[in-house]
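Participant: Once you've had a glance at the structure underneath, I'll fire off some questions.
The values are calculated or read from the model by the stated rules, or taken from the named source; none is laboratory data. Just so it is clear, the structure is predicted and the values come from calculations on it, not from any experiment. Using ideal geometry, Cβ is built from the backbone for each residue, glycine included, and neighbour counts are taken over all protein chains shown. These accessible areas exclude ligands, DNA and RNA; they are computed on the full protein's heavy atoms, side chains included. Shrake-Rupley method; radii C 1.70, N 1.55, O 1.52, S 1.80 Å.
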Amino acid sequence: MATPDFIRTIRASAGHQLLWLPGVSAVVFDDEGRVLLGRRSDTRKWSIIGGIPDPGEQPAECAVREVFEETNVRCVVERVVLVQALEPVTYENGDTCQFMDTTFRCRAVGGEARVNDDESLDVGWFAVDALPALHEFGVLRIKQALSDAPTWFAPTT
């Protein structure tokens, strides 16, 4: 995932300390019920599409932007699927982040799926019963997007 310029600016003074950041994920379905996935260039693994909102950018707008930037697919947001604080992650360079992820169910409305930037090695549509190996992060979000369940929140203690 490319690091946004505003985070590079923060890192210049904050160093590697933990940054609490917003994140969005998009579970995009086409008219055939297939889900859009990208094989990330940083991990080489298949994943749902996601990214970090720019300052002032609405989360749903970010989801639509990220899907187009990474896959060339145009989509519309249908609903919020999940809101979850993720575990902190430390990157190879020592930077530590923790994301508050908002996941959206989206519907494709145009564009041909293809690699559209340097964040993906491959992009494709997959039947939900024939997904490639995915991290539980993506599997949970796809399951929630397919269900009629209300927005999922982590249980409170």
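Participant: Suppose we filter region 96-113 for residues that are among the charged types (D, E, K, R), open to solvent by 40 Å² or more (accessible area, probe 1.4 Å) and farther than 17 Å from L146 by Cα; how many remain?
Facilitator: So the first thing to find is which residues in region 96-113 are among the charged types (D, E, K, R), and the list is 101, 105, 107, 112.
Then keep just the ones that are open to solvent by 40 Å² or more (accessible area, probe 1.4 Å); that gives 105, 107, 112.
Remaining after also requiring farther than 17 Å from L146 by Cα: 112.
Selection size over region 96-113: 1.
Participant: So the check is Cβ under 7 Å with 6+ separation or different chains; which pairs have a first residue in region 85-111 that's in contact (Cβ under 8 Å) with a residue 24 or more places away in the chain and more than 14 Å from G23 (Cβ to Cβ) and a second one that's open to solvent by less than 50 Å² (accessible area, probe 1.4 Å) and basic (K, R)?
Facilitator: D95/R11
Participant: To continue, here is another question. Return the pairs, sorted by first residue and then second, in which the second residue is open to solvent by less than 90 Å² (accessible area, probe 1.4 Å) and in a helix (DSSP H, G or I), the first residue lies in region 132-157 and is under 15 Å from M100 (Cα atoms), the beta carbons are less than 7 Å apart, and the residues are 6+ apart or on different chains.
Facilitator: From region 132-157, the pairs are W152/Q144.
Participant: Moving on. Of the residues V35, V28, only one is buried (at least 17 other Cβ atoms within 10 Å of the Cβ), more than 28 Å from T156 (Cα to Cα), under 11 Å from the mean Cα position of the chain (by Cα) and hydrophobic (A, V, I, L, M, F, W, C); which?
Facilitator: Numbers: V35 fails: under 11 Å from the mean Cα position of the chain (by Cα).
Answer to the selection: V28.
Participant: In region 57-95, what residues are of a type in the set (V, I, T) and open to solvent by less than 30 Å² (accessible area, probe 1.4 Å)? Show your work before the answer.
Facilitator: Of region 57-95, the ones of a type in the set (V, I, T) are 64, 67, 71, 73, 76-77, 80-81, 83, 89-90.
Passing the criteria: V67, T71, V73, V81.
Participant: With the requirement that a residue be without any contact (Cβ under 8 Å) to a residue 40 or more places away in the chain and of a type outside the set (K, R), what does region 4-36 give you? Working first, answer last.
Facilitator: Our first condition is that a residue be without any contact (Cβ under 8 Å) to a residue 40 or more places away in the chain; within region 4-36, this holds for 5, 8-10, 12-15.
Hits for region 4-36 are D5, T9, I10, A12, S13, A14, G15.
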